[in-house]
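Reviewing the structure listed below.
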Amino acid sequence: MEERRGFNGMNIEAQLQQVFDLPPQQVRKISPYFVEEQMAKGMFFLGQGQRADRLSFVASGLFRVFAQTESKEVTQWIGGSGYFITDLSSFLFDQPGRWQIQALTDAKIFSLYKDDYKHFEALIPEWNVLEKRFIAKCFMILEKRVFDFISLSAEERYLHYFEQHKAYFNQVPLQYIASVLGMTPETLSRIRSKVGS
């Protein structure tokens, strides 16, 4: 079987083992369900109001998660290699998605479709426990982001984000980054000028 690579050149099985903390024999049971897909810059992984039918690992490229409110477009998240993408509540509860997900660059993903995901419980007896752990990790990330948002100043949020995602500032329109940070593009520009980044 041809070795499939993504995530900074890692074998997809090694990445699944790391994310889900599974022994190699169980990883080999589920890895064939992940389908390699290419996405061109600008393509939608998930459109407005669509139901999320897949959970995908990003092997390469960048994506943004966003929504349109009555008055503006809000970018909730930007991410790339090594991250999952989906609208989790839509994927798990089969409801129209709140978020749209768009490729900001050409990208490669490994997708697990919902019909196949349903088989994991039979393939791996402890899958319910692993799924809960994965959802808990997602919640912890969200909780940390909310805490940072309410406890840090705009400048501190910028510095923290810049330290973690320097490469994004050369690849992503700054208005998207400003939205992720909860500020206007003008505020972001002022902070960047002030700190000299």
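The values are calculated or read from the model by the stated rules, or taken from the named source; none is laboratory data. From a predicted model like this one, the values you see are computed outputs, not experimental measurements. Note that each Cβ is placed from the backbone with ideal geometry, even for glycine, and that neighbours are counted across all protein chains shown. All accessible areas refer to the heavy atoms of the entire protein, side chains included, with ligands and DNA or RNA removed. Shrake-Rupley method; radii C 1.70, N 1.55, O 1.52, S 1.80 Å.
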Self-check item: Residues of segment 104-128 classified as without any contact (Cβ under 8 Å) to a residue 60 or more places away in the chain and open to solvent by less than 20 Å² (accessible area, probe 1.4 Å), total
Solution: 1
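Residue-by-condition table, conditions (1) of a type in the set (Lys, Arg); (2) under 18 Å from Val172 (Cβ atoms):
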{"residue": "Phe45", "(1), (2)": "no, yes"}
{"residue": "Arg54", "(1), (2)": "yes, no"}
{"residue": "Ser60", "(1), (2)": "no, yes"}
{"residue": "Ile78", "(1), (2)": "no, yes"}
{"residue": "Asp87", "(1), (2)": "no, no"}
{"residue": "Phe93", "(1), (2)": "no, no"}
{"residue": "Phe110", "(1), (2)": "no, no"}
Quiz item: Which of the helices (runs of 4 or more DSSP H) contained wholly in segment 60-177 include at least 2 residues that are under 16 Å from the mean Cα position of the chain (by Cα)?
Solution: 88-93, 127-151, 154-164
Quiz item: Can you find a residue in segment 90-103 that is modelled with pLDDT of 90 or more, of a type in the set (A, V, I, L, M) and open to solvent by less than 50 Å² (accessible area, probe 1.4 Å)?
Solution: yes
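Matching residues to (1) open to solvent by 60 Å² or more (accessible area, probe 1.4 Å); (2) touching a helix residue (DSSP H, G or I) at 6+ places or on another chain (Cβ under 7 Å); (3) in contact (Cβ under 8 Å) with a residue 60 or more places away in the chain; (4) under 22 Å from His119 (Cβ atoms):
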{"residue": "Phe20", "(1), (2), (3), (4)": "no, yes, yes, yes"}
{"residue": "Arg28", "(1), (2), (3), (4)": "yes, yes, no, yes"}
{"residue": "Glu37", "(1), (2), (3), (4)": "no, no, yes, yes"}
{"residue": "Gln48", "(1), (2), (3), (4)": "yes, no, no, no"}
{"residue": "Arg51", "(1), (2), (3), (4)": "yes, yes, no, yes"}
{"residue": "Arg54", "(1), (2), (3), (4)": "no, yes, yes, yes"}
{"residue": "Ser60", "(1), (2), (3), (4)": "no, no, no, no"}
{"residue": "Gln68", "(1), (2), (3), (4)": "yes, no, no, no"}
{"residue": "Ser71", "(1), (2), (3), (4)": "yes, no, no, no"}
Quiz item: Is one or more of the residues making up segment 114-126 within 27 Å of Gln164 (Cβ to Cβ) and either charged (D, E, K, R) or at pLDDT 90 or above (or both)?
Solution: no
Quiz prompt | Every pair of residues 6+ apart whose Cβ atoms lie under 8 Å, when the first sits in segment 129-155 and is free of Cβ contacts under 8 Å to residues at least 40 places away in the same chain while the second is β-branched (Val, Ile, Thr) and surrounded by 11 or more Cβ atoms within 10 Å (Cβ to Cβ) | solution = Ala154/Thr187; Ala154/Ile191
